[in-house]
Each structure stands twice: as structure tokens, then as C-alpha cells.
Amino acid sequence: MLEKGWTCEVPKQYAIYQSLSDFSRYSILDQEQESICSFQITTDTCKISAFRPWQHHIELDATSKVIRLILIEEID
């Protein structure tokens, strides 16, 4: 559970970190500790401030307050 009732679903090898200087800001890091996505949460909104789309897709459901980061499998 994040701030203001929001939740975030990420692949299990990824981690969500909350900013220590601003508790409304979060980052999602991959297994190499590289930032995939950064966002800020308010009561009713989630503002994505950075997103690295390569191999990723993000879904934002403001009604249910859910953020989903989906890893897209490469197809050879």
C-alpha cells in the first residue's frame, strides 16, 4: 500500500522505493537498481514524472487507485 490508498503492482524482481524527502514520491527500480518509473501520488491522482518504456508498459487505474508496471516479454 502506498500513500492515500494507492497500490502498485510490479514484477517480483522489481522494487518500489519511497522518497525520504517527499513521501508522496516513489520510484520503481529493476533488478540492476536502474529507475524504470517515477511518480507522485496525491489523494485522487498519480502523476508519472519519468518512465522508461523499453520492455515496459504501465497501466494507471485512478478509479481503483492502482498502478501496474508490466514487463513485456521480448519475442524473437
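When DSSP beta bridges are limited to those with both residues in the chain, what percentage is antiparallel, rounded to the nearest 5?
Working: 20 of 23 bridges.
Around 85 percent of the beta bridges assigned by DSSP in the chain are antiparallel ones.
Given a 1.4 Å probe, how much area per residue of the chain is accessible, in Å²?
On the way: 5110 Å² over 76 residues.
In whole numbers, the chain has 67 Å² accessible per residue.
Report, to the nearest whole %, how much of the accessible area of the chain belongs to carbon and sulfur atoms, 1.4 Å probe, protein only.
Carbon plus sulfur share of accessible area: 52 percent.
What is the extension gain from residue 3 to residue 34, computed as 0.36 nm multiplied by their sequence separation minus the C-alpha to C-alpha distance, in nm to one decimal?
In short, 8.9 nm is gained.
From Cα coordinates alone, what are the radius of gyration and Dmax values for the chain in angstrom?
Gyration radius and largest Cα-Cα distance of the chain: 12.2, 42 Å.
Roughly speaking, what is the stretch gain from residue 58 to residue 19, that is 0.36 nm per residue apart minus the C-alpha to C-alpha distance, in nm to one decimal? It would help to have the intermediate numbers written out before the result.
Working: separation 39, 0.36 × 39 = 14.04 nm, distance 2.02 nm.
Answer, rounded to one decimal: 12.0 nm.
Counting only C-alpha contacts under 8 Å and six or more residues apart, can you give the relative contact order of the chain as a whole percent?
28
The values are calculated or read from the model by the stated rules, or taken from the named source; none is laboratory data. Note that the structure is a prediction, hence the values are computed from the model and not measured. Accessible surface is based on the protein model in full, side chains and every heavy atom, while ligands, DNA and RNA are left aside. Shrake-Rupley method; radii C 1.70, N 1.55, O 1.52, S 1.80 Å.
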